[in-house]
Amino acid sequence: MVKGRRGAKVTMTVMVDRDMVWVTTFDEPFFSEAILQVAHVKSLMEMLAWAGDQARSYHDGDPA
């Protein structure tokens, strides 16, 4: 479970079906689903790592 906007609790699941990765989020009453090819999973991971680095730099007081 992750924290959404305004403190909402969001459930995120990741499933694998054959050669695809399914990412779903549930934030009642909303539901989102993404179906990713393997190449897109790597891109998403790289983007999230970059975003985490950016967020850490602000947290550490060094806006990049």
- With a 1.4 Å probe and every protein chain left in place, tell me how much accessible area Asp27 has, in Å² to the nearest 10. 50 Å²
- Query: So what is the accessible area of the range 10-64 per residue, in Å², with the probe set to 1.4 Å?
  - Reply: 83 Å²
- Measuring from the longest principal axis of the C-alpha atoms of the chain, the long axis of helix 38-59 (C-alpha) lies at a number of degrees, nearest 10, equal to 20 degrees
- Over the chain, with every protein chain in place, what whole percent of the accessible area is carbon and sulfur at 1.4 Å, could you tell me? 60 percent
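The values are calculated or read from the model by the stated rules, or taken from the named source; none is laboratory data. None of the values given here were measured: they were computed from a predicted structure. Only protein heavy atoms, including side chains, enter the accessible area calculation; ligands, DNA and RNA are left aside. Shrake-Rupley method; radii C 1.70, N 1.55, O 1.52, S 1.80 Å.
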